[in-house]
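Each remark here refers to the structure printed beneath this line.
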Amino acid sequence: MALNLTLRVWRQARPEATGRFETYEATDISEDSSFLEMLDVVNERLSDDGEEPIAFDHDCREGICGSCGVVINGRPHGPLERTTTCQLHMRHFTSGDTITIEPWRASAFPVLRDLVVDRSTLDGIVQAGGYVTAPTGAARDANSILVPKSASDTAMDAAECIGCGACVAACPNGAAQLFTAAKVSHLNLLPQGQPERWSRVSDMVDRMEDYFGSCTNYTECEAACPKGISVDFIAMMNKDYLKARFKDRRRQGQSG
Amino acid sequence: MTVETPPQVDLNAQIPEGPLSDKWQNHRFKMKLVAPQNRRRFEVIIVGTGLAGASAAATLGEMGYNVKAFCFQDSPRRAHSIAAQGGINAAKNYKNDGDSVERLFYDTIKGGDYRSREANVYRLAEVSTQIIDQCVAQGVPFAREYGGLLDNRSFGGAQVARTFYARGQTGQQLLLGAYQALAKQIDAGTVQMYPRHEMLELVVKDGRAVGIVTRNLVTGEIDRHSAHAVVLATGGYGNVFYLSTNAKGSNVTAAWRAHRQGALFANPCYTQIHPTCIPVSGDYQSKLTLMSESLRNDGRIWVPKSPDDTRPPDQIPDEERDYYLERRYPAFANLVPRDVASRAAKRMVDDGYGVGELKNGVYLDFGDAISRLGRDVIEARYGNLFEMYEKITGEDPYKVPMRIYPAVHYTMGGLWVDYNLMSNIPGLFVTGEANFSDHGANRLGASALMQGLADGYFVLPATLPNYLADMLGTTPESVDDPAFAAAEEEVRERVNKLLSINGTRSVDWFHRKLGKTLWDYCGMSRTAESLTQAMKEVESLQEQFWSDVRVLGDNESLNQSLEKAGRVADFFELGALMCRDALHREESCGGHFREEHKTPDGEALRDDDNFAYVAAWQFAGAGNEPCLVKEDLNFEHVKPSQRSYK
Ligand SMILES: Cc1cc2nc3c(=O)[nH]c(=O)nc-3n(C[C@H](O)[C@H](O)[C@H](O)COP(=O)(O)OP(=O)(O)OC[C@H]3O[C@@H](n4cnc5c(N)ncnc54)[C@H](O)[C@@H]3O)c2cc1C
Ligand code: FES
């Protein structure tokens with residue numbers, strides 16, 4: 001069945017320009033199309049009418065690259081749990097609906113154009129310490145490092161973060177705790193991550209605080225996360241952060 | 001107008017002497033080195049930060065070179081590599097099931113239908129084991145067994161379990177590993193990262209690659225960058241077909257610009273069509289989604305025996321189902337290689353046996369596996385894929401069989417490179433899916449990630465210094481050089497041209513048309529007639545594009561239509577070359593299937609006497625026929641045989 005929808009879309013020509021909502025009629029939209037395919041159709045019609053298409057970030061359209069992400073009726077990535085915007089399909093809407101579409105709103109994510117924001121601050125957090133120092137070629141045989149399956153599975157739960165920024169957009173404070181905690185926990189849970197465990201958590205948290213608001217445990221982030229990353233990782237990160245701060249563990253060879 | 005044809009290039013693959021198994025080690029010893037204190041005097045440009053580019057940028061940065069890295073996404077973590085699901089191969093033999101470097105080498109050569117270079121493939125198999133070590137050291141959370149050791153699975157028809165995986169997100173985890181290593185170098189200042197930048201021209205001076213011209217995708221600024229060497233790690237060109245499993249931004253522009261500057265494009269017609277993707281559901285379709293090949297380990301593929309059967313699948317009794325792969329290929333059954341499985345599905349659908357509303361798919365059925373192993377086991381193995389399938393189609397694959405159909409997935413062709421991964425333009429290196437090097441006419445599952453990381457972590461960091469060593473003491477070409485000015489002018493002209501046409505059709509309209517033409521005439525099966533037709537259609541569509549495309553907006557801001565238009569413009573030229581290549585190759589091999597060349601029972605028929613070569617095409621000026629340059633393939637180690645999976 002085809003849907004007829006009204007869209008209220010945030011349009012903003014440039015970073016410094018003032019934005020506004022524009023209303024468009026999206027008629028005859030297939031239920032089986034994805035949200036982004038619906039926008040493609042709208043864009044093609046806009047372009048035919050001589051109006052510039054709505055800019056939005058996207059790439060894989062499979063829910064894994066983390067490029068896409070808009071606020072749909074007030075919810076990052078829209079109404080469906082654990083679903084990125086690109087994996088949201090129009091069958092979850094009803095003909096006659098009005099859909100409000102906005103970019104991520106957070107002071108750390110300036111709008112570049114329409115629905116596109118600058119999320120480079122997330123990269124900045126990883127650059128501060130979200131890695132294991134492992135020079136190419138110096139590694140020992142992979143199976144000489146035993147990793148208990150449970151540790152590996154939990155690390156993977158954290159590592160599934162796609163870095164889309166929905167957690168920040170959902171947070172009333174614009175905090176990036178869930179994103180940072182996911183990376184910290186992924187690496188701090190693994191034997192390979194132990195040598196840099198304490199410096200990693202301090203450096204990443206410090207960098208995060210340079211850009212983002214602070215966490216006051218609203219847990220909106222977990223609800224918005226398309227990968228269902230758990231707020232338990234935030235607790236894990238906070239614990240490590242306190243430990244790292246309590247004593248300067250860097251001087252103690254980083255262990256324990 | 002007569003245009004001067006460029007002098008014919010002489011291709012030398014630079015394959016080292018000596019026995020196959022010693023070539024790489026001997027070569028490594030013979031290559032020149034750059035001493036640690038001298039490395040910071042070299043500038044290296046790396047375009048693309050997917051697996052192949054990020055791994056190279058991180059490694060070279062760490063070695064001490066000054067690296068500038070570019071990608072068009074907003075972060076290197078988003079490259080198309082992130083979407084790889086199934087896994088990465090390595091000859092670790094952790095399962096003690098008889099795997100070895102030799103066997104991985106042999107499987108890859110055979111899987112590629114004897115159209116790849118023995119020396120390259122051997123090296124790939126050889127370094128595969130180091131890749132796993134490297135990734136584990138970085139903290140890549142590969143799947144493990146209860147004892148803490150790494151788990152492996154068999155993938156894509158391999159008879160050994162040599163595939164390492166991280167749930168259904170192997171590409172994501174490998175890319176994040178490389179991205180994190182890259183992030184460390186960015187923080188250390190050895191790598192300067194330029195996200196949201198697109199390379200639009202290669203700069204060549206005195207026959208050497210000396211730099212690139214880029215467009216800042218946010219501000220529209222057009223910039224010149226110079227370096228001692230340029231590496232393209234810009235991925236594959238499957239999106240020429242419009243519908244493919246590639247990320248929407250994947251494109252050929254960087255490689256194509258290099259091609260126009262003289263780099264040969266090898267085997268453009270070798271396209272891999274993946275057998276298990278979700279079928280098209282309507283006109284709005286913007287991309288196709290892959291369902292990992294690993295599903296074929298437990299799923300059974302079938303169609304109803306009667307083309308008129310409209311019953312829901314669960315009401316079709318077993319004896320009225322045609323498990324056609326099991327019937328035709330008893331030895332490999334549902335695990336036959338991709339090209340074989342894809343063509344078989346096409347044949348069923350073409351013959352009217354397709355399922356689903358549009359009759360454009362075949363069933364992939366987990367019913368038996370669920371009764372045998374239980375839903376929990378299937379959920380543990382494929383839970384996320386089943387979830388994705390349900391999100392897209394609205395059908396629950398635990399209850400109803402999946403519907404699948406082949407889709408364009410990977411391109412084996414790419415820029416020609418020698419054993420050192422250098423193109424025929426000195427100073428221009430090409431890695432990952434962007435080059436043509438290791439997969440011949442067909443790539444085995446879980447081998448692209450292996451190749452990208454082999455190139456980026458181990459091969460390029462060894463071969464690039466060999467090129468740089470002679471340039472010690474030189475500075476990169478000045479960006480004020482006329483060669484840079486000319487390249488920039490070229491870019492500006494193109495951008496202005498695209499913006500000024502102001503026609504009546506959108507870029508996507510043209511792209512869809514082009515894609516459909518190529519899919520119909522240069523897709524899973526090809527004939528001389530269809531290819532000739534395709535070339536005509538592509539040409540006229542291209543003319544129409546340049547007179548009737550509508551690109552609104554300006555250059556000086558984020559303009560996604562403009563980005564797409566530039567990419568589609570290059571796809572036209574590539575599409576024409578693909579058809580030409582497919583037309584000239586009068587044989588069937590791997591992903592290239594010519595209806596005129598098949599065995600009596602419909603399998604691909606190679607012609608080793610006449611076509612055991614790499615077809616490398618040289619650009620001869622717009623509107624001129626490209627020149628074909630051949631690199632003969634010599635098989636000293638394996639004897640080409642007809643592939644049989646019966
Ligand atoms: C859905 C899917 C699943 C897959 N699963 C598997 C699997 O399980 N196992 C396996 O081995 N292989 C798999 N593959 C294949 C594999 O993922 C790719 O071949 C591989 O990741 C390509 O890596 P790459 O680094 O060469 O290129 P990409 O990852 O495509 O990266 C290209 C880079 O180049 C940049 N770029 C491109 N053009 C420009 C330009 N003009 N200017 C600036 N930057 C540019 C991009 O921004 C990006 O950073 C899969 C592919 C798909 C589509
Ligand atoms: S486009 Fe990649 S996650 Fe949505």
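The values are calculated or read from the model by the stated rules, or taken from the named source; none is laboratory data. Because the structure is a prediction, the values reported are computed rather than measured. Note: ideal-geometry Cβ built from the backbone for every residue, glycine included; neighbour counts use all protein chains shown. Ligands, DNA and RNA are stripped out before the accessible areas are found, and what is left, the full protein with its side chains, is counted by its heavy atoms. Shrake-Rupley method; radii C 1.70, N 1.55, O 1.52, S 1.80 Å.
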Looking at B:Leu574, B:Leu552, which is the one that is modelled with pLDDT of 95 or more and crowded, with 21+ Cβ neighbours inside 10 Å? B:Leu574
Note on segment B:537-551: residues closer than 9 Å to B:Arg505 by Cα and in a helix (DSSP H, G or I) are B:Phe545, B:Asp548
Do you know which residues across segment B:199-212 are buried (at least 24 other Cβ atoms within 10 Å of the Cβ) and either aromatic (Phe, Trp, Tyr) or within 11 Å of ligand 1 (Cβ to nearest atom) (or both)? B:Met199, B:Glu201, B:Leu202, B:Ile212
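Residue by residue, here is whether (1) among the hydrophobic types (A, V, I, L, M, F, W, C); (2) more than 12 Å from A:Tyr131 (Cα to Cα); (3) open to solvent by 10 Å² or more (accessible area, probe 1.4 Å); (4) more than 7 Å from chain A (Cβ to nearest Cβ) holds:
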{"position": "B:Asp151", "(1), (2), (3), (4)": "no, yes, yes, yes"}
{"position": "B:Phe155", "(1), (2), (3), (4)": "yes, yes, yes, yes"}
{"position": "B:Ala158", "(1), (2), (3), (4)": "yes, yes, yes, yes"}
{"position": "B:Gly168", "(1), (2), (3), (4)": "no, yes, yes, yes"}
{"position": "B:Gly177", "(1), (2), (3), (4)": "no, no, no, yes"}
Would you please list the contacts, defined by Cβ atoms under 6 Å and residues six or more apart or on different chains, that run from a residue in segment A:49-73 that is under 15 Å from A:Glu22 (Cα atoms) to a residue that is assigned to a loop (DSSP other than H, G, I, E, B) and within 16 Å of ligand 1 (Cβ to nearest atom)? A:Ala55/B:Leu558
What do you reckon, is B:Gly168 in contact with a Pro (Cβ under 6 Å, 6 or more places away or on another chain), assigned to a loop (DSSP other than H, G, I, E, B) and within 15 Å of ligand 1 (Cβ to nearest atom)? no
Considering only segment A:157-169, I want to know if a residue exists there that is of a type in the set (Gly, Ala, Ser), at the interface with chain B (Cβ under 7 Å from one of its Cβ atoms) and out of contact with any Pro (no Cβ under 7 Å at 6 or more places or on another chain). yes
Report yes if some residue within segment A:124-131 is of a type in the set (A, V, I, L, M), outside the structural domain of A:Met237 (by TED's automatic domain parsing) and at negative phi; otherwise report no. no
Given (1) at pLDDT 95 or above; (2) among the basic types (Lys, Arg); (3) assigned to a loop (DSSP other than H, G, I, E, B), number of the condition B:Lys630 does not satisfy: (3)
May I ask you to say which residue of B:Arg77, B:Arg103 is within 16 Å of ligand 2 (Cβ to nearest atom), basic (Lys, Arg), open to solvent by 10 Å² or more (accessible area, probe 1.4 Å) and not in a strand (DSSP E or B)? B:Arg77
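Condition check ((1) more than 7 Å from chain B (Cβ to nearest Cβ); (2) open to solvent by less than 30 Å² (accessible area, probe 1.4 Å)) across all residues:
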| position | (1), (2) |
| --- | --- |
| A:Val111 | yes, yes |
| A:Leu115 | yes, yes |
| A:Arg119 | no, yes |
| A:Val126 | no, yes |
| A:Arg140 | no, no |
| A:Ser152 | no, yes |
Would you point out the residue of segment A:60-101, among those that are more than 16 Å from ligand 1 (Cβ to nearest atom), open to solvent by less than 60 Å² (accessible area, probe 1.4 Å) and β-branched (Val, Ile, Thr), that is farthest from the other protein chains (Cβ to nearest Cβ)? A:Thr100
Please go through segment B:608-623 and pick out each residue that is within 25 Å of the chain's Cα centre (by Cα) and either charged (D, E, K, R) or not in a loop (DSSP other than H, G, I, E, B) (or both). B:Asp608, B:Phe611, B:Tyr613, B:Val614, B:Ala615, B:Ala616, B:Trp617, B:Gln618
Can you tell me which residues in segment A:213-234 are surrounded by fewer than 18 Cβ atoms within 10 Å (Cβ to Cβ) and touching a residue at least 40 places away in the same chain (Cβ under 8 Å)? A:Ser214, A:Thr216, A:Tyr218, A:Glu222, A:Ala223, A:Gly228
Of the conditions (1) surrounded by fewer than 24 Cβ atoms within 10 Å (Cβ to Cβ); (2) within 14 Å of another protein chain (Cβ to nearest Cβ); (3) under 21 Å from the mean Cα position of the chain (by Cα), B:Gln192 clears all except one; give me its number. (3)
Consider B:Asp223 against the criteria (1) of a type outside the set (Lys, Arg); (2) open to solvent by 10 Å² or more (accessible area, probe 1.4 Å); (3) away from ligand 2 (no atom under 16 Å from the Cβ); (4) within 14 Å of chain A (Cβ to nearest Cβ): it satisfies all of them except one. Which criterion is unmet? (4)
Given segment B:412-521, what helices (runs of 4 or more DSSP H) lie entirely inside it while holding 2 or more residues that are farther than 30 Å from B:Leu290 by Cα? B:460-468, B:482-501
Provide a single number: the residues in segment A:170-190 that are of a type in the set (Lys, Arg) and more than 14 Å from chain B (Cβ to nearest Cβ). 0
Filter segment B:51-73 for residues that are within 11 Å of another protein chain (Cβ to nearest Cβ) and either out of contact with any strand residue (DSSP E or B) (no Cβ under 9 Å at 6 or more places or on another chain) or surrounded by fewer than 24 Cβ atoms within 10 Å (Cβ to Cβ) (or both) and give the result. B:Ser55, B:Thr59, B:Glu62, B:Met63, B:Gln73
Would segment B:290-299 turn up any residue that is of a type in the set (S, T, N, Q), within 14 Å of another protein chain (Cβ to nearest Cβ) and away from ligand 2 (no atom under 16 Å from the Cβ)? yes
Within segment B:80-100, residues being within 16 Å of ligand 2 (Cβ to nearest atom) and open to solvent by 40 Å² or more (accessible area, probe 1.4 Å) number 1
Do we have A:Asp28 as of a type outside the set (Lys, Arg), open to solvent by less than 40 Å² (accessible area, probe 1.4 Å) and away from ligand 1 (no atom under 16 Å from the Cβ) here? no
